[in-house]
Amino acid sequence: MTPGTSNAPLITLALSALGLIGVEITLYLSYFYTPVQISAGTLYVVTPDSGSTINLYESYRIFFIHLPAAYTTALCCTLAAVGGIAWLLTRKDAWQALIVSASEVGLATGAIVLLTGTFWADYAWGSGRIGSGWNWEPRLTTMLILWLAFAALLVLRRAMDTDKQRAMMTAVYGILLGPLYPLVSKAIEIGQTSHPRSFSDLLSAPEIATTKQVATIGVMLALVSLVALRYCWNRLGQRMAQERAA
Amino acid sequence: MTETARPAALPAFVALLRREFTVELRTKTLITSMGLFAMLCVVIFGLGVKGLALDETFRRFVLAALWVCTWFAAVVGLNRAAAADRNKNFFSALMLLPFDPALVYLVRLASTLVWLVITQALLVLLAVPMLKFDFFSQPLMLAVVLMADVGILALGVLLASATGRLRGGEALLTIALLPVTVPVFLAATGATEALHTGSGAAEAWPYVLLLGVCDAMFLALGLLLFGKLNEG
């Protein structure tokens, strides 16, 4: 999972290149391949309060960013927890770098998920005005909490006095992030929810299904390459600190 | 034979717990700060909503307000306990004991739980006349409250042991504790709502289950990680 010190920049470069291509293809597909006008009945979603359906028109295109960003946030949460456990077991600095880079990118992708999610909700469930779609829906709320937890980890880390305390706190809090991911993923099953359970129910047009799959891989590659980039950056910072101490 | 040289854990647990109670009964710092804080919360919330009609919305608001009071009272108590440890350098002495640090964790958890429950009793006593809180209609709430307390404190004691050593750690504990204890908060408010809106125990059951899972998970994490977080 952690690339070796010598391989990390190469892997990062490869991931970034693939991610860049993936994003380009996704953008092309989402604007020129997916249909503008969907035949009636394929792009309808149920409103949260009543049972009536609304037409999504073109607003569904935001899913091609929203979905991969959500998957990456989940991945970052898992990486932080795995990094925390691995650091406690091995005490290798590389795992610290992994936890920190996962939290940093998780913070960014979490923000993308929340923003795109609320933009879409404002359009689909609200009145179109900013914030009108925020309805304390479980998935939305739990995602916000996960985002706050990523921020808390980075703030706590900075506040620690000694390097040892900092490393301990980072690892322990990374582990505590772990249980939040199942909460976000299960949130649509507890209580009343308006978050779509499955996009394949919603987006039955074959072009959209294909684009969704390409977007999941392509955009995720780009976002994961950010984790790798931050990882290299943090490793470099650790090595500089070591050289300065020596 | 080396095992016999090691003192038994249970008497040590009792001795440490008795020490916590003796100190608290002499100084009364935790109970006064948590209790006063809770009283102030009720008064401020009450002032904010005075004159409102006592309808369903009001009742639900009171329930939410009481959970917020509980959560922050717990943070106040944890911070005060950590500050007392720091001032007397007591915590490092505790970590030198020839026991697993998990024992120290359990002692702190048990004592804070007692203070929090006393604070909550005070909260309810005040909220019944001041916020027209109808507590006694739902005896099952006692279990929900206790389970939620354990969940909040299980992680609170763990994190407070690290933030307590820092200057300005009080604010940090608030920031650190809220995101990770939100599952408990979600489950507690969900169960409270189900019980008080009259949907009955069946509706509250999934939330109680979630509370149980959170308690078990957070306790296990606390027991495992407390020693690691405070080593050296």
Test result for residue B:188, in contact (Cβ under 8 Å) with a residue 12 or more places away in the chain, of a type in the set (Gly, Ala, Ser) and assigned to a helix (DSSP H, G or I): yes
Restricted to segment B:210-228, and to residues that are at pLDDT below 90 and facing chain A (nearest Cβ under 10 Å), which residue is nearest to residue A:165 (Cα to Cα)? B:228
In the set A:27, A:115, A:18, the lone residue that is within 27 Å of residue A:179 (Cα to Cα), of a type outside the set (Ser, Thr, Tyr), modelled with pLDDT of 85 or more and assigned to a helix (DSSP H, G or I) is A:115
Residue match in segment B:165-176 (condition: within 14 Å of chain A (Cβ to nearest Cβ), charged (D, E, K, R) and not in a helix (DSSP H, G or I)): yes
Restricting attention to segment A:207-219, the residues that are hydrophobic (A, V, I, L, M, F, W, C) and surrounded by fewer than 21 Cβ atoms within 10 Å (Cβ to Cβ) number exactly 3
For segment B:24-36, name all the residues that are in contact (Cβ under 8 Å) with a residue 60 or more places away in the chain and of a type outside the set (D, E, K, R). B:30, B:31, B:34, B:35
So in segment A:141-188, with the set limited to residues that are within 21 Å of the chain's Cα centre (by Cα) and not in a helix (DSSP H, G or I), which one is modelled with the lowest pLDDT? A:179
Just give me the residues in segment B:135-164 being part of a loop (DSSP other than H, G, I, E, B) and in contact with a helix residue (DSSP H, G or I) (Cβ under 7 Å, 6 or more places away or on another chain), in sequence order. B:135, B:138, B:140, B:164
Residue check, residue B:187 farther than 22 Å from residue B:82 by Cβ, within 12 Å of chain A (Cβ to nearest Cβ) and either at pLDDT 90 or above or surrounded by 17 or more Cβ atoms within 10 Å (Cβ to Cβ) (or both): yes
Can you find a residue in segment A:104-114 that is over 16 Å from residue B:225 (Cβ atoms), among the hydrophobic types (A, V, I, L, M, F, W, C), surrounded by 22 or more Cβ atoms within 10 Å (Cβ to Cβ) and away from chain B (no Cβ under 14 Å)? yes
Would you confirm whether any residue within segment A:190-201 is at pLDDT 80 or above and either closer than 24 Å to residue A:22 by Cβ or part of a loop (DSSP other than H, G, I, E, B) (or both)? no
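The values are calculated or read from the model by the stated rules, or taken from the named source; none is laboratory data. On a predicted model such as this, the values are computed, not experimentally measured, just so you know. Positions of Cβ are generated from backbone atoms using ideal geometry, with glycine treated the same way; all protein chains shown enter the neighbour counts.
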